[in-house]
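*Asks:* The structure is given below, and queries will be raised subsequently.
Just so it is clear, none of the values below were taken in a lab; they were calculated from the coordinates. Not measured: the values here are computed from a predicted model. Because the Cβ atoms are built from the backbone with ideal geometry, glycine has one as well, and the counts that use them run over all protein chains shown.
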Amino acid sequence: MPGFTRGVTTCCLVVLVLPVVLLGWFWFSLWHDGHVNERRERAAEASVLRLASRAARDTRRALAGSGPTGPEAVTGVLWRHTKAPVITYDAPHGTYTAARSWAVTYDRKGFLSAGPTQVEWCFTLVAHHAPGTGWTTRLTKRTRADCLASRLVDRDVVRARDVLASLPDELLTRAGVSRELAARGGQGQDVFAVRKVARERDRVSVTVRVRAGAGSDGPVARQCYRFTRPLARGEAPVAEPLARC
């Protein structure tokens, strides 16, 4: 009987202690995962900031080095170094504003929320040329909503590239491109406005104003793009933003 009593006592102690051990392990895991996720998130945020800062630095150097002054040339420099879907030109103030998001993905630990997690920040890069002082750039972090229209323009530009890549030669006219973009390219009839179609030897360039908005009360962005592709069907056009249509 004494042996039996000791066995029962031991089992009871195990039953009592095991939940405490498991609960302690659970809370320690939560605490540890939380600290790991916090470090990884901060590292991802730092990476996003480095990407945006590098784009701003490269843009400023390119503007100072090449000295472009025409709106199309300046817009081209901003496009090469930022890949911003929307680059607006404010002629009265002599400023150019590029809006886009940069994102970095990190692995999040946890029982219910583990897996790839994205840190995405919206930025605007404003470039200004003042007589006597040269080019200056200002990088500003914005809210996610401030880049929504820019992301929608980027989406519609991809749609337009897909449509233009598939068009046969006989449809590469202003009327033909307008009809195909309206039918297959976007949500609504006013997303794309074809301004010009020009043929140059074995290539064709199509100038399109892309309009994107987030609902009736949301932000709206308008950006002119030039799509250039060979006359031979199948190759995706090269798209680049323009200061003016």
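*Asks:* Taking every pair of alpha-carbon atoms in the range 43-173, give the share separated by more than 21 Å as a whole percent.
*Replies:* The answer is 51 percent, as a whole percent.
*Asks:* Take the Cα radius of gyration of the range 47-89 and divide it by 2.2 N^0.38 Å, with N its residue count; two decimals is plenty.
*Replies:* It is 1.14.
*Asks:* Simple spin-label model, 7 Å along Cα-to-Cβ: Lys109 to Ala73 in nm?
*Replies:* The two pseudo-label positions are separated by 5.4 nm.
*Asks:* A follow-up question, please. So which lysines can Lys141 reach, going by Cα to Cα under 26 Å and dropping same-chain residues fewer than 8 places off?
*Replies:* Result set, ordered by chain and number: Lys83.
*Asks:* How many nm is it between the label spots at Leu231 and Arg138, if each spot is 7 Å from the Cα in line with the beta carbon?
*Replies:* According to this spin-label approximation, the distance is 4.9 nm.
*Asks:* Where the Cα atoms of the range 121-245 are projected onto their three principal axes, how long is each span, largest first, in whole Å?
*Replies:* Computed over the Cα atoms, the extents are 48, 39, 21 Å.
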